[in-house]
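Each remark here refers to the structure printed beneath this line.
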Amino acid sequence: MLGTSARGLTYPATPRQDLVEDHFGVKVADPYRWLENDLRTDPAVRDWVAHENALTRRTIDALPARSILRNRMQALFSHGRYTVPRKAGGLYFYGYNKGLQNQTPLYVREGLTGKERLLLDPNDWADDGASALAEWQPSPDGRWLLYAVQEAGSDWRTLKILDVATGKSLPDSVPWVKFSQLAWDGRGEGFFYSCFAPPGDGLAYRSANENQQIRYHRLGTDLTQDRIVYATPAHPALRHSAQVTSDGRWLIVSSFQGIDSRRELHIAALDGGPLKLRSMIRGIDNDWRLIGSQGPLFYFITDSRAPHFRVVSLDARRPRKGPREIIPERADILAGGSLAGSRFILAYLNDAQTIAEMVELDGRRVGGVPLPGMGTAAGFGGRDGDPETFFSFSGFTQPAGIYRFDTATLQTQPFALPDLPFDPDDYGVEQRTYPSKDGTLIPLTIIRKKALADRAAAVPTILYGYGGFNITLTPGYSAARMAWLEQGGAYAIAALRGGGEYGKAWHDAGRLANKQNAFDDFIAAAEYLKANGFTPQDGLAIEGRSNGGLLVGAVVNQRPDLFAAALPAVGVMDMLRFDRFTAGRYWVDDYGSPEKEADFHLLYGYSPYHNIRAGKDYPAILVTTADTDDRVVPAHSFKYAAALQAADLGDRPRLLRVESRAGHGTGKPVDKLIDEYADSYAFAARFTGLRVSADPK
């Protein structure tokens, strides 16, 4: 069987199944269902992926821009990067990457100015750098380090324990942990974690995740002795996470369904006696995020009666008394907070940028937290009685710096600042708004060299979007994006409905029956960039990851004429079967359920895999995924790419790039990140007309 072809390319042969199913009276073909099989167990899928990768490599390696961009990205990554320190028992724990290390090692120092000591180096764990240090948490006294090992980018974790003083590992090992917080008990004798039952043979990267449990592991005991703290077998779709207050006195179990921020709470006193969980918040109706405690008094951020969030207190001794408002809702979105020392630090979002404020526990405002500029601040972890906290700050053209803040003196000091391999003053960040199809004004951020803005030059542009799951796109630095900007390209980011930029109403306006609004917003952004001279008519590429990959696939089908190139990464492309694999069942809150007739018609109407329009001239498309992505399984991208290649869509190529031993994104080695973005942006440059030079001016 011969493969189909585009100009100069012959795609691998892809067998089609004669598979048609009835969905509420609609006949739906699924000819590439066989590509849902795991390539580790199905030789046919493995061989097909190998042929696709070989074609993609030949095509992209022939682009001169690829090596230039890769070299520059490598240089832009070559600066030290720190993570926000965590304090325990007088010790400070933090990650530090010298620049091009595939994984970030973990260091510890005694006292703020003590000599740092390497504690863990995950770069020694695998020859290809694909074993990562994921979540980690020191015990309250700093004696032990609980950490999670992530293999090949999978969401599965194995928990291990390290003796901080000696650097030696304990024999304790807890496998099959997933979507878990790490919570030490108050005495540092053991910890709480979330897990699922081990998957069947060959199903680790595909089987649906259900019946999550909270378990407790005591150090030095066999795994079989771990006791179940909380489980809901009658409600297998519920997920559970454990959290312990900073004073070690209380356990809080949050239960939620899907990925909406709605949860119910149970609490138990950690007083050395039998663990007795009792209800604190009944019903999965609102978000409740613990930001601190003083004895039995808990402080939460909640959207109960406040869609932009407020701060309330709850008394663990009398939870039925209900919450007492401490800080009322305001126009800005309250994105996070913590209790540090004897004050709250609250982070608000104003047009997706951070404003941090200090507030007394009775709600009186103290003042703003000094930030280095306009951008994104994160961190601010703390505990009652200790005024010291740390935060990171970054912007679109500013790599993250780490700062120390004292809530008593209100003084900010740098802890670790990056070396900059470019001059941020050469670049400008412009904020615009544009009308979507229904007239709603959508914020748009445009990043480019100031010289280009001064000349009002139309240049090749990448437009990025997400638009889902209440996720906010905040300012942040990307070395890969900087390589594109240095070459004279522009980068635009649209704050689409469905995201979390403006609260619950903004999220609701772009999900479920309103999902088309997110697509319309993205299409309108492309039209605005062209109509207002930011990009040439044939110079626009679009990029999105995960839900953003779905976004790219959907709008390419709806308006293929707008785009020169498209970069859908790890996308949700088959909207009729997404809920059958791994964590997909949790996404019905945003997408709806394919098992419900009304939802089916909506999903089928925009599903990228099912709506490819043969006979239309499509942009060049590079579909990227990874073989161990167990969040959005690679079958989505496999089936979508096969369908693209089988259709008559014009002369431009439709390619598939499959990374090996990598997952949805977290834990990916630096060298694999550089290779992926060098491939993607060289591809975008080729079809948008960006001239890439080894010495850009």
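Points to keep in mind about this one:
- The chain - Rg (one decimal) and Dmax (whole number), Cα, Å: 25.2, 74
- 15 Å tail of the calculated P(r), the range 607-697, as % of Cα pairs: 65 percent
- Estimated 222 nm signal from helices in the chain, with DSSP H stretches of n ≥ 4 weighted -39500 (n - 2.57), rounded to 500: -5500 deg cm²/dmol
- Evaluating kT/(6 pi eta Rh) at 37 °C and 0.692 mPa s, with the Kirkwood radius of the range 473-561 over Cα pairs in the Stokes-Einstein relation, gives 232 µm² s⁻¹.
- Environment charge at GLN181 (Cβ cut-off 15 Å; Lys +1, Arg +1, Asp -1, Glu -1): +4
- In units of the compact-protein estimate 2.2 N^0.38 Å, the range 446-496 shows a Cα radius of gyration of 1.24.
- Between the range 180-251 and the range 302-348, the alpha-carbon center distance in angstrom: 27 Å
- Less than 5 angstrom separates the built amide H of ILE442 from those of TYR434, SER436, all sequence-distant by 5 or more or on a different chain.
- For ASP426, neighbours were defined as the other residues whose beta-carbon sits under 12 Å from its Cβ, and their charges (Lys and Arg +1, Asp and Glu -1) total 0.
- Positive end of the dipole of the chain (Cβ unit charges, origin at the Cα centre): among PRO307, VAL108, HIS610, the Cα lying farthest that way belongs to PRO307.
- Loop-resident trypsin sites (Lys or Arg not before Pro) (DSSP state other than H, G, I, E or B) in the range 292-330 with no more than 14 further Cβ atoms inside 10 Å of their Cβ: ARG305, ARG317, ARG330.
- Listed values for the range 441-446 are Karplus-derived 3J(HN,Hα) couplings in whole Hz (6.51 cos²θ - 1.76 cosθ + 1.60, θ = phi - 60°), namely 7, 10, x, 9, 9, 10, and x replaces Gly and Pro.
- Charge dipole of the range 175-270 about the Cα centre (unit charges at C-beta), most positive-ward option of LEU238, GLN213, SER261: SER261
- Over the range 297-406, Cα pairs under 8 Å with separation of 6+ residues give a relative contact order of 17 percent.
- For the range 545-697, the Kirkwood hydrodynamic radius from C-alpha pairs, put into Stokes-Einstein at 20 °C and a viscosity of 1.002 mPa s, yields a diffusion coefficient of 133 µm² per second.
- At R0 = 22 Å, FRET efficiency that the Cβ-Cβ distance of GLU430 and ALA331 yields, to 0.05: 0.40
- In order through the range 289-296: 3J(HN,Hα) via Karplus (6.51 cos²θ - 1.76 cosθ + 1.60), integer Hz, x for Gly, Pro: 10, 5, 10, x, 8, 10, x, x
- Taking amide H atoms as placed 1.01 Å from N in the peptide plane, the amide H of ARG143 has no partner under 5 Å among residues 5 or more positions away or on other chains.
- Tilt relative to the chain, helix 670-688 - C-alpha long axis, 0 to 90 degrees, to 10: 40 degrees
- Helix 547-558 axis versus longest C-alpha principal axis of the chain: approximately 30°, rounded to the nearest ten.
- For the range 73-85, Karplus couplings with θ = phi - 60° (6.51, -1.76, 1.60), whole Hz, Gly/Pro x: 4, 4, 5, 6, 7, 7, 9, x, 10, 10, 9, 5, x
- Residues in the range 336-422 average 39 Å² of solvent-accessible surface per residue, probe 1.4 Å, ligands and nucleic acids excluded.
- Where both bridge residues fall in the chain, DSSP classifies roughly 85% of the beta bridges as antiparallel.
- The angle between the Cα long axis of helix 515-531 and the longest principal axis of the Cα atoms of the chain comes to about 60 degrees, rounded to the nearest 10.
- ASN514 versus ASP351: modelled label distance in nm, points set 7 Å from Cα along the beta carbon direction: 2.3 nm
- Dipole of the range 68-183, positive end: most advanced residue of ASN123, LEU159, GLY89 [Cβ charges, Cα centre]: GLY89
- For a modelled paramagnetic label at ALA237, 7 Å from Cα along Cα-to-Cβ, the residues of the range 251-284 in reach, with backbone nitrogen under 11 Å, are 257-259.
- Neighbours of SER607, meaning other residues whose beta-carbon lies under 12 angstrom from its beta-carbon, give a summed charge of 0 when Lys and Arg score +1 and Asp and Glu score -1.
- At a probe radius of 1.4 angstrom, the accessible area of the range 439-503 per residue rounds to 26 square angstrom.
- Probe 1.4 Å, accessible area per residue of the range 547-697, Å²: 28 Å²
- Under 5 Å, built H, 5+ apart or other chain: amide partners of ASP630: ASP155, HIS664
- Solvent-accessible area assigned to carbon and sulfur over the chain amounts to 49 percent, based on a 1.4 Å probe.
- Rounded if a/c under 1.5, otherwise prolate or oblate - the range 122-267, Cα gyration tensor axes: oblate
- Taking every DSSP beta bridge that has both ends in the range 434-552, the antiparallel portion is near 40%.
The values are calculated or read from the model by the stated rules, or taken from the named source; none is laboratory data. Note that the structure is predicted; figures quoted are calculated from it, not measured. Here the Cβ is made from the backbone with ideal geometry for all residues, glycine too, and neighbour counts use every protein chain on show. The protein model used for the area step is the full one, side chains on, heavy atoms only, and it has no ligands, DNA or RNA in it. Shrake-Rupley method; radii C 1.70, N 1.55, O 1.52, S 1.80 Å.
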